[in-house]
Amino acid sequence: MKTAMKLSLGAFALAMFAVPAASAFASDEEPAAALTAEQVTKGRQLFNDNGCNACHTLADADAAGTVGPSFDGDTSLDKGHAVQVITNGQGPMPSFGWLGEEDIDLIAAYVVQVKK
């Protein structure tokens with residue numbers, strides 16, 4: 001019984017150390033530089049020209065779609081995830097990989113920057 005108790009306490013102590021240590025080494029996506037007004041305009045245009053507004057809600061683009069997720073208020077959406085989904089598609093959303101890396105990157109950055 002004492003051995004089990006020591007093991008439990010040892011595991012607890014290890015967990016108490018491991019969680020903060022892991023957090024110290026975790027690297028969230030680096031905050032990107034803010035888009036220029038010209039980039040925001042182009043990102044909005046790409047968003048609307050490629051039909052993103054038909055499925056998604058994004059106030060800055062006057063988009064009120066109801067098929068896909070609303071971007072406004074989505075605090076968990078980051079640029080890396082947006083790039084991945086735009087490039088490869090997910091669920092009912094088709095891939096937009098044919099747009100090219102530069103346009104995909106701009107759409108993702110635009111959505112992440114302007115979502116309210």
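The values are calculated or read from the model by the stated rules, or taken from the named source; none is laboratory data. It should be emphasised that the depicted structure is a prediction, and the values quoted were computed from it without experimental measurement. Heads up, the Cβs are rebuilt from the backbone with ideal geometry, glycines too, and the neighbour counts pull from every protein chain shown. Each accessible area value is taken on the protein alone, full model and side chains, heavy atoms only, with ligands, DNA and RNA left out. Shrake-Rupley method; radii C 1.70, N 1.55, O 1.52, S 1.80 Å.
Beta carbons closer than 8 Å, at least 6 apart along the sequence or on distinct chains, pair a first residue in the stretch 90-112 that is in contact (Cβ under 8 Å) with a residue 60 or more places away in the chain with a second that is surrounded by fewer than 16 Cβ atoms within 10 Å (Cβ to Cβ) and among the small types (Gly, Ala, Ser) for Ala109/Ala32; Val112/Ala32. Taking into account only those residues within the stretch 87-103 that are under 16 Å from His56 (Cα atoms) and not polar (S, T, N, Q), which is least open to solvent (accessible area, probe 1.4 Å)? Once the filter is applied, the top-ranked residue is Gly89.
For the stretch 29-42: of the residues being free of Cβ contacts under 8 Å to residues at least 60 places away in the same chain, in a loop (DSSP other than H, G, I, E, B) and not hydroxyl-bearing (Ser, Thr, Tyr), which is most open to solvent (accessible area, probe 1.4 Å)?
Glu30
Applying the selection to the stretch 43-86, what residues are in a helix (DSSP H, G or I), crowded, with 17+ Cβ neighbours inside 10 Å and either free of Cβ contacts under 8 Å to residues at least 60 places away in the same chain or of a type outside the set (A, V, I, L, M, F, W, C) (or both)? Within the stretch 43-86, Gly43, Arg44, Cys52, Asn53, Asp60, Ala61, Lys79, Ala82, Val83, Val85, Ile86 qualify.
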